[in-house]
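In what follows, a single structure is set out as structure tokens and then discussed.
The values are calculated or read from the model by the stated rules, or taken from the named source; none is laboratory data. Because the structure is predicted, anything quoted here is derived from the model rather than measured. Cβ coordinates were reconstructed from backbone atoms using ideal geometry, including for glycine residues, and neighbour counts include every protein chain displayed. All accessible areas refer to the heavy atoms of the entire protein, side chains included, with ligands and DNA or RNA removed. Shrake-Rupley method; radii C 1.70, N 1.55, O 1.52, S 1.80 Å.
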Amino acid sequence: MKKIVITYGTFDLFHIGHLNLLRRLKACGDYLIVAVSTDEFNAQKGKLTVVPFEHRLEIVNQIKYVDQVLAEHHWEQKRDDIIRLGASVFGMGHDWEGKFDELKEYCEVIYLPRTEAISSELLKHTLRTDAYAAFETCPK
């Protein structure tokens, strides 16, 4: 019987932290399912993405550690997916620690350490800062 691991995320501006998380999650089981948040769901969460949903989905789908991808449309979907897909492990980055403990009723819940000094939000901030600095130095 396969040990199925499931995770959720936006995966905007895909970076080494995302890859490290997916690699570590795959090592926790035999089959890794990754749900990618849709643009509409991210908007509900107050998150603006740079990369469109269809592109983020395809990028994650091409990662060798990922066996299956699906769309995440709402918060409550996690419980339903765990049950429907027979997931044994639900995993997220440690910045979510404790936020999904109610899912322990259905499977093991783990929170893995994130890669230091990298995140999509940090990349977005850097891009905004660099773009502003470049604009300010342009001849008027």
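Grab the beta carbon distance between residue 74 and residue 48, set R0 = 30 Å, and tell me the FRET efficiency rounded to 0.05.
Once rounded, the FRET efficiency stands at 0.95.
Mind giving me the nanometre distance, one decimal, between the label points for residue 28 and residue 104, set 7 Å out from Cα along Cα→Cβ?
1.4
How big is the dipole moment of segment 1-108 about its Cα centre under a simple scheme where the beta carbon of each Lys and Arg is +1, that of each Asp and Glu is -1, and everything else is neutral? Debye, nearest 20, please.
Taking the Cα centre of segment 1-108 as origin, the dipole is about 380 debye.
Given the C-alpha atoms of segment 4-115, compute the convex hull and give its volume per residue in Å³.
93
Please calculate the 1.4 Å probe accessible area of residue 81, with all protein chains present, and give it to the nearest 10 Å².
About 10 Å², ignoring ligands and nucleic acids.
What GluC sites (Glu not before Pro) does segment 21-87 have in DSSP loop regions with at most 16 other beta carbons within 10 Å?
Answer in residue order: 76.
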